[in-house]
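Below is one structure, written out as structure tokens, with a few remarks after it.
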Amino acid sequence: MSTALENLFEALKSQDRAALIGYIPSGFPSKEKCFEVIKAMVDGGVDAIEIGFPYSDPVMDGPIIQAAADISLKAGTGAADVFQTLAYATSLGVPAVVMTYWNPIERYGVAKFATELARNGGSGVITPDLTIEESTEWEQACAENGINRIYVVAPSTSEDRLPKVTSQCSGFVYAASLMGVTGTRTSVSSGAKDLVAKVRATTGTPVSVGLGVSTQNQAAEVAEYADGVIVGSAFIRLVLESADFATSLVEVRALAAELALGVRRKQA
Amino acid sequence: MSISTPQAEQILGHFGPFGGRFVPEALISALDELEAAHLSAQHDPAFQAQLMELHRSYTGRPSIVTEAARFAEHAGGVQILLKREDLNHTGSHKINNVLGQALLTKRMGKKRIIAETGAGQHGVASATAAALMGLECVVYMGEEDTKRQSLNVARMKLLGAEVIPVTQGSKTLKDAINEAMRDWVTNVETTHYLLGTVAGPHPFPTMVRDFHRIIGVEARAQVLELTGNLPDVVMACVGGGSNAIGIFHPFIDDADVRLIGLEAGGRGVETGLHAATITGGTKGVLHGTRSYVLQDANGQTIESHSISAGLDYPGVGPEHAYLHDIGRAEYRAITDDQAMAAFAIMCRTEGIIPAIETAHALAGAIQVGNELAQSGKKDSVILVNLSGRGDKDVQTAAEYFGIEL
């Protein structure tokens with residue numbers, strides 16, 4: 001049986017456009033308000049939601065996501081909150097995945113995490129610091145629960161290694177477009193296009209690009225060659241910097257709408 | 001003498017269930033490159049000769065062994081031998097690893113090193129090696145630590161390094177490691193991350209151990225020559241565990257030699273305010289390796305506490321976790337107060353001011369010496385790794401003992 005995420009990519013293929021995936025850490029800016037941000041993203045046109053499990057030592061994340069994770073951790077966000085947020089997102093009719101560093105999964109229990117994720121409607125998990133060499137137990141848990149394993153590949157991933165990683169991915173392959181941590185950038189690295197091409201040579205699984213996308217033009221540019229466009233820091237920054245939360249919801253929805261136009265632009 | 005004897009390594013840097021690699025994919029090629037450089041250097045006589053010559057003419061190796069007879073009176077009257085890593089250039093064992101990795105950096109054609117530091121010892125050692133070898137050096141240091149250890153910040157700057165205060169998270173060593181990893185992910189093509197302890201992703205735990213094995217290799221021969229026998233006990237303090245693994249490793253196959261690591265018990269393991277990761281932690285993943293970790297029910301890292309900045313780390317090297325689980329080494333927690341009592345005794349009985357890190361090992365020697373004496377084994381020999389000198393700790397010690405500055 002395919003996951004909701006796999007169904008999304010299959011459906012968008014016939015529309016000839018890329019998916020827009022929005023990221024937010026669970027519990028940010030608070031548990032309930034996180035639900036409202038997700039609602040605003042979906043209302044604006046986000047196709048799938050990526051929910052972060054905030055972690056104390058996020059080495060792949062830049063200052064914006066770190067700040068959001070800190071706020072969430074101070075409020076005591078745990079696995080139960082992540083699963084409730086997941087259930088909420090899927091209740092809006094969009095596929096949802098969790099992004100988490102490995103230790104929270106290991107601490108929760110590998111098999112139990114996969115089971116709870118599936119039970120709450122989740123399609124899969126993005127694991128930015130889990131290497132394929134350490135994945136045996138995780139592979140089995142995901143297979144048993146019918147959920148997607150999404151690994152991150154980087155421009156530095158060697159030609160020998162790339163097919164070994166992408167063959168382990170389902171749902172999509174997460175292409176980290178540049179060497180660096182998360183955050184908004186004025187331009188999306190030209191390396192992204194090359195990386196996506198290299199990934200496509202190894203697998204038929206859809207490829208999504210993350211790291212640095214914040215504007216409609218960037219989304220349109222990435223949508224030309226990728227199957228999914230992931231936006232995180234740009235949404236979070238709106239929530240962090242807005243004068244009041246109600247305003248930020250309007251802004252989040254507006255940004256989502258702009259980005260949604262971006263991923264559709266090549267049809268025009 | 002070879003500096004290190006590569007042993008048949010466990011697959012992909014695992015020590016039983018511990019070790020491995022839990023890092024962003026972006027770093028894998030750099031870790032592979034480092035592993036290959038380390039392996040080839042281990043088998044390259046020219047590299048080994050170059051490192052040995054640096055140790056002879058720059059570090060001041062071999063470091064001597066000193067018998068501490070007056071100190072031993074406080075340890076049940078057993079024989080106490082001190083391996084004097086405090087007499088190395090820069091004042092601690094850290095230089096062994098730093099010179100090795102700096103040479104590897106040049107071998108890989110990289111021109112920039114980054115390092116993390118807590119108390120500042122590894123940062124100073126890294127800045128020293130960078131100055132010696134003409135490398136650019138950036139040191140990440142928690143903002144809290146830059147305030148507590150301002151003298152070492154000045155030393156690093158004098159040596160030409162850039163010190164970047166880290167304001168994220170708890171603003172201490174663990175956050176400095178996070179920030180160094182982020183720098184490495186971004187600049188991996190030009191930069192080597194000169195990690196200062198036997199933690200982190202493979203090959204760091206193996207490589208850093210190999211560069212510190214010289215401590216145990218020298219000490220084993222020195223004790224044999226001095227006493228005609230191997231020591232009964234080898235002791236060292238354990239934060240990340242680099243000085244301990246360095247002195248333990250050459251004794252691992254000597255089944256009759258007890259290996260005892262002393263962790264920082266802070267205000268007492270039962271208070272939760274400690275850095276005794278093996279004694280009071282649980283299995284988990286931190287900074288790229290699976291080991292024992294101080295963590296909560298959600299897998300979030302818990303802040304550690306110790307009077308010694310160098311032991312104040314919520315993780316521990318994976319090989320120590322393994323030696324603990326298979327029962328080859330014992331680990332005990334020493335409280336701040338026990339460490340400071342041993343610190344004072346060492347100062348006044350031997351005229352040696354030890355690092356507060358090292359004082360934890362000395363407190364362990366007092367405990368174990370008395371246990372041995374009480375069980376009728378007063379003729380035992382305890383070898384203690386005197387891993388560093390205490391000049392950097394004078395302010396902390398003065399505050400602790402109420403000495404006005």
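Give A:LEU12, A:LEU5 a once-over and let me know the one that is under 13 Å from the mean Cα position of the chain (by Cα), part of a helix (DSSP H, G or I) and among the aliphatic types (A, V, I, L, M). Full working, then the answer.
Numbers: A:LEU12 fails: under 13 Å from the mean Cα position of the chain (by Cα).
Of the residues listed, the single one that is under 13 Å from the mean Cα position of the chain (by Cα), part of a helix (DSSP H, G or I) and among the aliphatic types (A, V, I, L, M) is A:LEU5.
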State all residues of segment A:144-161 that are over 20 Å from the mean Cα position of the chain (by Cα) and of a type outside the set (S, T, N, Q); if no residue qualifies, say none.
-> A:GLU144, A:GLU159, A:ASP160, A:ARG161
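For segment A:40-60, which positions are within 12 Å of chain B (Cβ to nearest Cβ) and within 24 Å of A:ALA118 (Cα to Cα)? Steps first, please.
Of all residues in segment A:40-60, those within 12 Å of chain B (Cβ to nearest Cβ) come to A:53-60.
Within segment A:40-60, A:PHE53, A:PRO54, A:TYR55 meet the criteria.
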Flagged in segment B:302-336 as closer than 18 Å to B:GLY272 by Cβ, buried (at least 23 other Cβ atoms within 10 Å of the Cβ) and within 14 Å of another protein chain (Cβ to nearest Cβ), in numbering order, are B:SER304, B:TYR313, B:PRO314, B:GLY315
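State all residues of segment B:278-300 that are away from chain A (no Cβ under 14 Å) and closer than 22 Å to B:HIS202 by Cα; if no residue qualifies, say none. Even if it seems obvious, please write down each step before you answer.
Narrowing segment B:278-300 to residues away from chain A (no Cβ under 14 Å): B:278-280.
Across segment B:278-300, the qualifying residue is only B:ILE278.
So for segment A:210-228 (the condition being within 14 Å of another protein chain (Cβ to nearest Cβ) and hydrophobic (A, V, I, L, M, F, W, C)), does at least one residue qualify?
Within segment A:210-228, the subset within 14 Å of another protein chain (Cβ to nearest Cβ) is A:210-212.
When the remaining residues are screened for being hydrophobic (A, V, I, L, M, F, W, C), the result is A:211.
Among the residues of segment A:210-228, at least one is within 14 Å of another protein chain (Cβ to nearest Cβ) and hydrophobic (A, V, I, L, M, F, W, C), which makes the answer yes.
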Selection from segment B:395-405 of residues that are of a type outside the set (Asp, Glu) and in contact with a helix residue (DSSP H, G or I) (Cβ under 9 Å, 6 or more places away or on another chain) | B:GLN395, B:THR396, B:ALA397, B:TYR400, B:PHE401, B:ILE403, B:LEU405
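If we scan segment A:129-139, do we find a residue that is in contact with a Ser or Thr (Cβ under 6 Å, 6 or more places away or on another chain) and more than 10 Å from chain B (Cβ to nearest Cβ)?
Restricting attention to segment A:129-139, the residues satisfying the condition of being in contact with a Ser or Thr (Cβ under 6 Å, 6 or more places away or on another chain) are none.
Within segment A:129-139 (the criterion being in contact with a Ser or Thr (Cβ under 6 Å, 6 or more places away or on another chain) and more than 10 Å from chain B (Cβ to nearest Cβ)), the answer is no, since none of the residues qualifies.
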Sort out which residues of segment A:160-174 are farther than 18 Å from A:THR3 by Cβ, surrounded by 18 or more Cβ atoms within 10 Å (Cβ to Cβ) and touching a residue at least 40 places away in the same chain (Cβ under 8 Å), and write them in order of number.
-> A:LEU162
Criterion violated by B:THR167 - all others in (1) away from chain A (no Cβ under 14 Å); (2) polar (S, T, N, Q); (3) out of contact with any Ser or Thr (no Cβ under 8 Å at 6 or more places or on another chain); (4) over 23 Å from B:ALA30 (Cβ atoms) satisfied = (1)
Among the strands (runs of 3 or more DSSP E) contained in segment B:260-337, which hold 2 or more residues that are touching a Leu at 6+ places or on another chain (Cβ under 8 Å)?
-> B:329-335
Determine the pairs where a residue that is within 11 Å of chain B (Cβ to nearest Cβ), located within segment A:61-79, has a partner that is assigned to a helix (DSSP H, G or I) with Cβ atoms under 6 Å apart, the partner being 6 or more residues away or on another chain.
-> A:ALA79/A:TYR108
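None of the figures in this text is laboratory data; all of them are computed from the coordinates on show. Nothing here was measured: the structure is a model prediction, and the numbers come from that model. Using ideal geometry, Cβ is built from the backbone for each residue, glycine included, and neighbour counts are taken over all protein chains shown.
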